[in-house]
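Q: Shown below is the structure under consideration.
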Amino acid sequence: MTPAALTIDGVASGHFVRRVTLGVAATWLALMAGLGWWMSQRIMTAQLNSLAASAEYEAETTARVVDRLFTELTSVANMVAHQNQVVQLAKRYRVDPPGLAELTREERAAKFTSDPLVRRVGDFMTRLSNDLRYARIYLNNLSHDTVIASQWAESFNIVGQIYTGRAYLIDALRDGKGQQFGIARLTQTASYFVASRINDIDDMPLGSVTVKFDAPDVALYLTGQHISLIVNLQGRVTTASSAPFMLRNVAALLPPDTLRSGDGNEGPGEPMDVRAMPGMGQADQWLIDGRPYLVRRQPLINTQYQLLTLAALDHLAPMRRQHFWMAGFAAAFGLALILLSGLVAGQRAERRLRAEQNRIIAISQAAERDLTIKVRERTAELAERNTSLNAEVDRRHLLELKLRQSLDAVNDALAQQRDFVALVSHEFRGPLAVISAAADNLSSVDSTDNTRLRTTRIRQTVKRMSLLIENVLAGDRLHGGQKAFPTTGSVDVNEVLRTVKAGLDDDAAGRVSFIDGGGVTVKGDRNLLEIAVQNLIQNAMKYSAAPGPVTVRLSTDQGVAFVHVTDQGTGVAPGDREFIFMKYYRAVGQPANGSGLGLYISREIARQHGGDLTLAASDRNGSTFCLSLPIEGAEALTT
């Protein structure tokens, strides 16, 4: 290479280094962008999954606590309603006497509390409400007048207060129990009211006992790291662990089929701005008054309410921005390293180029002196090799002629072998037929057990020799260049199985069972198909001890007919499974006699018919071979 060419290569090398640097920089930026986005998605998904699991767990545990509270409210109301003194007091003041309703509440309270029994029941209710931290427990008669209540001795009490039209009192007198959420008129506090009917010994209503539990006290039980809401069937938040949600309406968070209209006593509450957040990794993500939350719902035993758990997602957006900043910093740092490396690589390439120019100038001067000598030597060497090449070509022409003569001789020998096999097989058929007929005559003349056993062995030997001849001739037809199916036509596979079954001797017929698969027609040579099935059955009987059963089952699937032959022998060793379909292969250590042609011939017949023969299953309990054949007309139907 000349110095001028090196200069041009140096310029090109500099351009190449710059292009490589820019390519690596672009690849780095793309890689960091993709990797940063992927890692951010993984972290965000993990955060969402963790929040979802935490919210789900908190919803379940809080629901159990709230269920226990509601159950306790109902139990306490029932317990007080069945207390003896309470029943006695309700019976005494079942209805207001005439003129009592015209008095003021204070006057009615004075009349009631002048009764020692009223005061004793009031003290009992006061102790109970203080112990259980209830806002109030009180007794109403059938006139809805408050006969007694806890904290009756305080200046601010409800004794003598008439609660006309309260739904929970009406339900308690009618159904035995009643409940309602509402705003207490005197204290203006959101409260739960649970009432239970007081009955006499004849189950006649005497009045009701009501337990009032303020929502702020219930909220003390909604502890946890997430926001918990108790929501009624109108979507109104009756209790919340976060004040901004209290008495607001979040009906959009509830399934539409659970919403019910209000009873008219209380409004639905001011609706919150609730919108679903589409395209997020976790379902049930909502914007509530502009803040993102993950929502989990949990039904309560009290079917008038549901528990919602809201996991705040405000921290996810800053976290994603932090991921992007970190990825950008890493990308910028890597980009600076790539550009610096490209600059250093360019300078080193330039220094190597100058050194290479000086070296090539020195080499070219020495090479010019040796060039003439080497050209002369090479010319003489080429002339000598040309002479050797011509001699090699002549030798190979002679070898090609001899090879063609050898191939012709082999083909002639193979043709003579096929003629000989066909002649021998034909000559064997006649004596075998005579032997079989003689065995039949002998068994009909002498029917003793010894004679029957010997004639059976003769017929089995004749059948085995006949099957061997058929296999040899079938192999000759399949590989001898003859037409594959000289008698091609529509073949009923069930007829093939019945023909094979009819050809079995008595012992074999007792062991082999055929399962009909309905009418199945294939196209091919019936004789070859019978040979294939006979080989599989004989193979199964040969390698399974008598009287082990052999099952032949015909089935179809997606335009293909399957003939499964199953035995209960010792199975095929794993090391022999890839060789058993080879011609003349015999497994080592097998006691059964055979030629090693049966499976080979059967598979070749199947493949010539467009199908196959496979070992479907094999273990120490037996083997199953599967012969598959395309059903006639199935390909046209599928196309």
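The values are calculated or read from the model by the stated rules, or taken from the named source; none is laboratory data. All values derive from a computational prediction rather than experimental measurement. FYI the Cβ positions are ideal-geometry reconstructions off the backbone, even for glycines, and counts take in every protein chain you see. Areas reflect the complete protein model, heavy atoms only, side chains present, ligands, DNA and RNA absent. Shrake-Rupley method; radii C 1.70, N 1.55, O 1.52, S 1.80 Å.
Q: Among rounded, prolate and oblate, which fits segment 133-242 when a ≥ b ≥ c are the square roots of the eigenvalues of its C-alpha gyration tensor, a/c under 1.5 means rounded, and a/b larger than b/c means prolate?
A: Prolate shape, in that a/c is at least 1.5 and a/b is the bigger ratio.
Q: Can you work out the Karplus-derived ³J(HN,Hα) for every residue in segment 327-342? Use 6.51 cos²θ - 1.76 cosθ + 1.60 with θ = phi - 60°, whole Hz, and x for glycine or proline.
A: Listing the rounded values in order: 5, x, 5, 4, 5, 5, 5, x, 4, 4, 5, 5, 5, 5, 5, x Hz.
Q: Take peptides 85-91, 215-221, 400-406 and line them up by average Cβ neighbours within 10 Å, highest first, as a rough protection proxy.
A: The densest-packed peptide leads the list: 85-91, 215-221, 400-406.
Q: Over the Cα atoms of segment 275-325, each weighted equally, I'd like the Debye log10 I(q)/I(0) at q = 0.17, 0.31 Å⁻¹, rounded to two decimals.
A: Each listed q maps to, in turn, -0.62, -1.14.
Q: Going by accessible area, probe 1.4 Å, with all protein chains left in place, what is the ranking of His15, His564, His397, largest first?
A: I get His397, His15, His564, largest accessible area first.
Q: Further, regarding this structure: Sticking to Cα atoms, compute the Rg of segment 207-274 to one decimal and its Dmax as the biggest Cα-Cα distance, whole number, in Å.
A: Just the Cα atoms of segment 207-274 yield Rg and Dmax of 13.2, 43 Å.
Q: Related question: Could you do me a favour and compute the accessible area per residue for segment 196-281, 1.4 Å probe, result in Å²?
A: On a per-residue basis, segment 196-281 sits at 48 Å².
Q: Additional query: How much of the accessible area of segment 505-622, probe 1.4 Å, is carbon plus sulfur, in whole percent?
A: Of the solvent-accessible surface of segment 505-622, carbon and sulfur hold 47 percent.
Q: Taking only the C-alpha atoms, wrap a convex hull around segment 212-365 and report its volume per residue in Å³ as a whole number.
A: Taking the convex hull of the Cα positions in segment 212-365, it is 174 Å³ per residue.
Q: Still on this structure: Share of segment 176-221's accessible area from carbon and sulfur, percent, 1.4 Å?
A: The value for segment 176-221 is 52 percent carbon and sulfur by accessible area.
Q: Kindly identify segment 102-182 as rounded, prolate or oblate by the Cα gyration tensor criterion: order the square roots of the eigenvalues as a ≥ b ≥ c, call it rounded if a/c is under 1.5, otherwise compare a/b with b/c, prolate if a/b is larger, else oblate.
A: In terms of gyration-tensor shape, oblate.
Q: Also, quick follow-up: Given a Förster distance of 45 Å, report the FRET efficiency between Arg320 and Arg351 from their Cβ-Cβ distance, rounded to the nearest 0.05.
A: For R0 = 45 Å, the calculated efficiency reads 0.45.
Q: Modelling each spin label as a point 7 Å along the Cα-to-Cβ direction, I'd like the Leu103/Met204 distance in nm, to one decimal.
A: Each label point lies 7 Å from its Cα, and together they span 2.4 nm.
Q: Using only C-alpha atoms and all pairs of different ones, pull out the Kirkwood radius for segment 161-202 in Å with one decimal.
A: Answer for segment 161-202: a Kirkwood hydrodynamic radius of 11.1 Å.
Q: Let me ask something else about it. Based on the alpha carbons, how large is the Rg to Rh ratio for segment 508-591 when Rh follows Kirkwood?
A: 0.99
Q: Another question, then. How large is the direction-averaged shadow of the alpha-carbon convex hull of segment 96-141, in nm²?
A: Projected over every direction and averaged, the Cα hull of segment 96-141 covers 3.6 nm².
Q: What percentage of the solvent-accessible surface of segment 44-128, computed with a 1.4 Å probe over protein heavy atoms, is contributed by carbon and sulfur atoms?
A: Exposed carbon and sulfur together represent 54 percent of the surface.
Q: For a protection proxy built on the mean count of beta-carbon atoms within 10 angstrom, sort 358-366, 194-202 highest first, please.
A: Put in order of decreasing packing, that is 194-202, 358-366.
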